[in-house]
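The values are calculated or read from the model by the stated rules, or taken from the named source; none is laboratory data. In this text, all values refer to a predicted model and were calculated from it rather than measured experimentally. Reconstructed Cβ throughout: ideal geometry from the backbone, glycine too, with neighbour counts over all protein chains shown.
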Amino acid sequence: MNKLPGKITQMQQSGAVLLVDVDVDGQGFSALLIEPAARPEWLQAGHTVHLVFKETEVSLAKNLSGLISMRNRMMCNVSKVERGELLSKITLHFRGHSITSAITTRAVDSLQIAIGDEVEAMVKANEISLMNSI
Amino acid sequence: MESNVITLEVEKMMLTANGKLNLSVDTRIQTGEFVALFGLSGAGKTTLLRILSGLMKPDKGLVKFGDTVWFDSSRGINIPPQERNISFMFQDYALFPNMTVEENIHFAQPMKDNATALELLSIFGLSEFRKRKPGGLSGGQKQRVALARALARKPQLLLLDEPLSALDSGMRLTLQNEIYKAHQLLGATTIMVSHDLGEVFRLASHVLCIKKGQISKEGTPDEVFSDSSISGKVQITGQVARIAKQDTVNIVTVIAGGSQIIKVIAFDSDMEALNIGDNVLVFTKAFNPMLVKLMA
């Protein structure tokens, strides 16, 4: 799984649904969680946490324009491409962190992804978990 | 119920397959609790059970059952096993082959008590086998006799050392229910060594995780095995049964709850130090799983 360290900046709760904003090196992220009002002690504004998301939930785009509903967008550089028959793994650099995206090899070909390319990695807010970083 | 909190403050140098290891435990066990000792083999679970029973002498420390001192190295006290009110049940039933089922049960009673023996035989569905010798019984039936015999002396403390590990999964489930029933019936504190997560969840009210001779974690099964440091609301614990490399990913098969098979796509960063047989937490978010009602 992908792990990025960040700091909780803000939280918005409606019933059991909680939207958490996290800052990772100056870039804002959102995680949508199901949490009761009595939240664990580490899940509070100001706390350092890890954003956790699965490689298969990371979508990639090149030269994207227009609006999109995905809340978490990372401008990255491609550092490695491992092609599989159907599924490929793309390793990306994002502000000093390494993240991995697993997409179909067809998608790799259609986007013509190569080492050194600038791509945008995107994850939906409901696909991000938070982990206590201690 | 009278309070018989068990005090266990002991040290014992153990010789394990990986060399010497110092067992060092300081804990209290509450009356009537069903405690599971969970951990890898060689961690000291069975040693702890044997120390409680009196079959093994700690190097130093104190073992008390309520106010009764069973072992105190500073005062040279070591009460022999037969004077501690305990019963044992092991993986191998250790029944007397030359005695009938009924005689095996009578043998465990300090004073022959036919009414209790018949009641136990009936509870465990053994009435029709009471005149048979253990040789003519199935594994599950033998283990039932061993359980009935363990209860025949009405112990205040029941010690179980992987009692069901030799049985198939169906028979295990049945006997887990019977062990639970027996625990309720007897009201005795029960301490069980197990490395079966499903068994621990089903039976234990309190878990002591033993790691390298020490208690590494304790609490209810939920507290010990589900991880509140992860926000994911779907958390399943299980054991890795198979790891298959396919394309650029690994497919990890996890067995949960004894019979549920879960397959998880894992990447290299998840695979570090992950081996077959390891206990793992499988988690996902409340948003991802889908539900389908099953027809009755």
In segment B:254-273, residue surrounded by the fewest Cβ atoms within 10 Å (Cβ to Cβ) [restricted to those that are under 28 Å from B:L173 (Cβ atoms) and within 14 Å of chain A (Cβ to nearest Cβ)]: B:K263
Residues within segment B:45-89 that are in contact (Cβ under 8 Å) with a residue 40 or more places away in the chain and over 28 Å from B:A108 (Cβ atoms), tallied: 4
Output for segment A:75-105, where each listed residue is part of a strand (DSSP E or B), among the basic types (K, R) and either within 12 Å of A:L60 (Cβ to Cβ) or within 15 Å of the chain's Cα centre (by Cα) (or both): A:K89
Filter result for A:V108 (at pLDDT 95 or above, crowded, with 19+ Cβ neighbours inside 10 Å and assigned to a helix (DSSP H, G or I)): yes
Unmet criterion (only one of (1) closer than 30 Å to A:A16 by Cα; (2) loosely packed, with under 15 Cβ neighbours inside 10 Å) for B:Q235: (2)
Residue ID - farthest from B:L203 (Cα to Cα), chosen from residues in segment B:258-280 that are over 27 Å from the mean Cα position of the chain (by Cα) and not in a helix (DSSP H, G or I): B:F267
Wholly within segment B:40-108, strands (runs of 3 or more DSSP E) carrying at least 1 residues that are of a type in the set (K, R) and more than 27 Å from B:A148 (Cβ to Cβ): B:60-65
Of all residues in segment A:111-134 being at the interface with chain B (Cβ under 10 Å from one of its Cβ atoms) and part of a loop (DSSP other than H, G, I, E, B), the one that is modelled with the lowest pLDDT: A:I134
Some residue of segment B:233-241 being part of a strand (DSSP E or B), within 12 Å of chain A (Cβ to nearest Cβ) and of a type in the set (D, E, K, R): no
Top-ranked residue in segment B:254-285 [being at pLDDT below 90 and among the charged types (D, E, K, R); ranked as nearest to B:D196 (Cα to Cα)]: B:D278
Filter result (assigned to a strand (DSSP E or B), within 10 Å of chain B (Cβ to nearest Cβ) and small (G, A, S)) within segment A:1-58: A:A31
From the options B:K154, B:K112, residue that is free of Cβ contacts under 8 Å to residues at least 12 places away in the same chain, assigned to a loop (DSSP other than H, G, I, E, B), in the same structural domain as B:A43 (by TED's automatic domain parsing) and among the basic types (K, R): B:K112
The one condition in (1) modelled with pLDDT of 90 or more; (2) surrounded by 17 or more Cβ atoms within 10 Å (Cβ to Cβ); (3) β-branched (V, I, T) that B:I251 fails to fulfil: (2)
Condition check for B:S228: more than 19 Å from B:S41 (Cβ to Cβ) and within 14 Å of chain A (Cβ to nearest Cβ): yes
Test for B:T284: is it outside the structural domain of B:S41 (by TED's automatic domain parsing) and more than 27 Å from the chain's Cα centre (by Cα): yes
Check on B:E218, under 26 Å from B:S24 (Cβ atoms) and within 14 Å of another protein chain (Cβ to nearest Cβ): no
Residue count, segment B:218-244 (criterion: modelled with pLDDT of 90 or more and either outside the structural domain of B:N279 (by TED's automatic domain parsing) or charged (D, E, K, R) (or both)): 3
Boolean, A:K89 is more than 30 Å from A:A16 (Cβ to Cβ), away from chain B (no Cβ under 13 Å), of a type outside the set (A, V, I, L, M) and in contact with a helix residue (DSSP H, G or I) (Cβ under 8 Å, 6 or more places away or on another chain): no
In segment A:23-33, the residues that are surrounded by 15 or more Cβ atoms within 10 Å (Cβ to Cβ) and either farther than 16 Å from B:S229 by Cβ or in contact with a Pro (Cβ under 7 Å, 6 or more places away or on another chain) (or both): A:V24, A:Q27, A:F29, A:S30, A:L32
